[in-house]
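So the structure is just underneath, and the comments pick up after that.
The values are calculated or read from the model by the stated rules, or taken from the named source; none is laboratory data. Note that this is a predicted model, so its numbers are computed, not measured. Don't worry about glycine lacking a Cβ; one is built from the backbone with ideal geometry, like all the others, and counts go over all protein chains shown. Only protein heavy atoms, including side chains, enter the accessible area calculation; ligands, DNA and RNA are left aside. Shrake-Rupley method; radii C 1.70, N 1.55, O 1.52, S 1.80 Å.
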Amino acid sequence: LILALKPFRVGDYIRESYSGHEGTVTEIQIFYTKLLTPDNQTIILPNGNLANNSLVNITAQEVRRMDITVGISYHADLKKAKEILQRTLEDDEAVLKDRDMLVFVSELASSSVELGVRCWFRQEDFWKGKWRVTENCKLNLDENGIEIAYDQLDVHVDGRIERSESGDGKESVKL
């Protein structure tokens with residue numbers, strides 16, 4: 001079935017659902033398919049498993065959408081943050097300008113306003129572009145004083161605090 005239906009070809013990057021294996025297809029034989037993982041391991045998968053389970057052909061299309069999420073502080077200027085992130089997309093040379101470039105509020109989370117950042121890259125530019133855009137989002141927000149949110153814990157202590165000093169000059173605090 002793999003040879004007849006050709007859901008992938010040599011050079012495609014696939015992920016199969018049964019075992020979760022993924023990699024670049026290096027060889028397709030009658031009984032098995034070989035994948036090369038990003039860390040240079042060879043995986044040999046039976047074609048029966050590939051034919052009987054779902055798989056994702058990640059590189060089948062010429063372009064690929066990038067989605068990242070950036071959480072900003074509730075105290076940050078939302079409109080300014082969105083403008084900065086939009087400009088980050090517009091300034092990146094590999095982002096496809098003829099496709100949607102979106103920055104939107106995706107969630108009001110417990111400790112951050114989650115902004116979705118979405119754009120498109122050519123398949124060969126995807127990973128380097130995603131890493132570069134992610135880094136530039138952080139740098140540009142920092143440069144403009146927009147705080148990226150992180151989980152925090154505020155502790156409030158009710159009651160009396162007693163301080164005492166021992167004979168060796170060390171201070172202790174008892175709540």
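Values computed for the structure shown
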| item | result |
| --- | --- |
| Members of region 62-81 that are open to solvent by less than 20 Å² (accessible area, probe 1.4 Å), over 12 Å from Val133 (Cβ atoms) and out of contact with any Ser or Thr (no Cβ under 7 Å at 6 or more places or on another chain) | Ala81 |
| Hits in region 3-27 - residues which are closer than 20 Å to Gln61 by Cβ, surrounded by 11 or more Cβ atoms within 10 Å (Cβ to Cβ) and over 23 Å from the mean Cα position of the chain (by Cα) | Pro7, Phe8, Arg9, Val10, Val25 |
| Of the criteria (1) touching a Ser or Thr at 6+ places or on another chain (Cβ under 6 Å); (2) within 20 Å of Arg64 (Cα to Cα), which one Glu114 fails | (2) |
| Test result for Ile30, assigned to a loop (DSSP other than H, G, I, E, B) and either open to solvent by 70 Å² or more (accessible area, probe 1.4 Å) or without any contact (Cβ under 8 Å) to a residue 24 or more places away in the chain (or both) | yes |
| Residues of region 139-149 satisfying the condition of being part of a loop (DSSP other than H, G, I, E, B) and either touching a helix residue (DSSP H, G or I) at 6+ places or on another chain (Cβ under 9 Å) or more than 13 Å from Ala76 (Cα to Cα) (or both) | Asn144, Gly145, Ile146, Glu147 |
| Matching residues in region 150-174 - criterion: being over 30 Å from Ser73 (Cβ atoms) and either assigned to a loop (DSSP other than H, G, I, E, B) or modelled with pLDDT of 95 or more (or both) | Gly159, Arg160, Ile161, Ser166, Gly167, Asp168, Gly169, Lys170 |
| Of all residues making up region 82-107, the number that are open to solvent by 70 Å² or more (accessible area, probe 1.4 Å), in a helix (DSSP H, G or I) and closer than 20 Å to Val63 by Cβ | 2 |
| Total residues in region 108-118, condition under 17 Å from the mean Cα position of the chain (by Cα) and either closer than 17 Å to Lys130 by Cα or loosely packed, with under 13 Cβ neighbours inside 10 Å (or both) | 4 |
| Residue list for region 93-137, filter: basic (Lys, Arg) and without any contact (Cβ under 8 Å) to a residue 40 or more places away in the chain | Lys97, Arg99, Lys128 |
| Qualifying residue in region 42-60 (condition: surrounded by fewer than 16 Cβ atoms within 10 Å (Cβ to Cβ), at pLDDT 95 or above and over 16 Å from Val10 (Cβ atoms)) | no |
| Condition met for Thr59 (under 30 Å from Ile30 (Cβ atoms) and either in contact (Cβ under 8 Å) with a residue 60 or more places away in the chain or in a helix (DSSP H, G or I) (or both)) | yes |
| Residues of region 106-130 classified as charged (D, E, K, R) and in contact with a Gly (Cβ under 6 Å, 6 or more places away or on another chain), total | 1 |
